[in-house]
Amino acid sequence: MPSIFSRIVAREIPADIVFENDRVIAFRDIAPQAPVHLLVVPKSQNFANVAELAAADPELLAEVVSTAQQLAAEHANGEFRLVFNSGETAGQTVFHVHAHVLAGGLSESSLA
Ligand code: AMP
């Protein structure tokens with residue numbers, strides 16, 4: 001079954017997409033936890049979490065991080081928090097690896 005993020009990649013469901021290339025896509029989180037809350041997602045849904053991604057394709061993980069940096073510079077002041085929830089008890093709800101990029105006034109965030 002395609003994940004909800006694969007369905008966004010396929011344009012089957014809408015999203016506010018802010019970046020896309022051959023390997024990653026980024027869009028605004030539907031339930032933002034910070035003034036800037038973006039998700040950076042490898043297009044492949046082969047990896048459920050960041051540990052699987054790191055083991056299998058460290059270059060793709062590095063691309064997720066560099067995309068986060070680029071987007072934080074474009075949407076905030078370049079400073080950001082990067083969160084990978086890994087596992088249900090850690091709060092992961094979508095088992096298609098994704099980075100939360102949180103930026104812009106994080107002192108007011110519930111995650112601060
Ligand atoms: P996690 O709980 O770490 O797996 O993160 C999943 C994130 O995906 C949550 O922050 C949700 O708000 C977000 N999310 C779920 N569905 C969508 C969607 N259709 N568009 C944008 N963000 C979504």
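Taken together, the values in this text are just the output of simple stated rules run on the coordinates, not laboratory data. Since we're looking at a predicted model, the values are computed, not measured. Ideal geometry is used to build each Cβ from the backbone, glycine not excepted, and the neighbour counts take in all protein chains shown.
For the chain, what is the Kirkwood hydrodynamic radius in Å, using each pair of distinct C-alpha atoms? Kindly include the intermediate steps, with their values, before the conclusion.
Details: mean 1/r = 0.0711 Å⁻¹.
This gives a value of 14.1 Å.
Working note: Karplus 6.51/-1.76/1.60 with θ = phi - 60° gives segment 79-92 the couplings 9, 7, 10, 10, 10, 10, 6, 10, x, 4, 6, 9, x, 6 Hz, where Gly and Pro are set to x.
Expressed as an acute angle from 0 to 90° and rounded to the nearest 10, what is the orientation of the C-alpha long axis of helix 58-75 relative to the principal long axis of the chain? Its long axis makes an angle of about 30 degrees. Close amide H pairs (under 5 Å, H built 1.01 Å from N) link Phe19 with Ala26, residues at least 5 positions away or on another chain.
Geometric descriptor of segment 1-59, per residue, is 103 Å³ (volume of the convex hull of the Cα atoms). Rounded to the nearest 20, the Cβ-based charge dipole of segment 4-111 about its Cα centre (Lys and Arg +1, Asp and Glu -1) stands at 160 debye.
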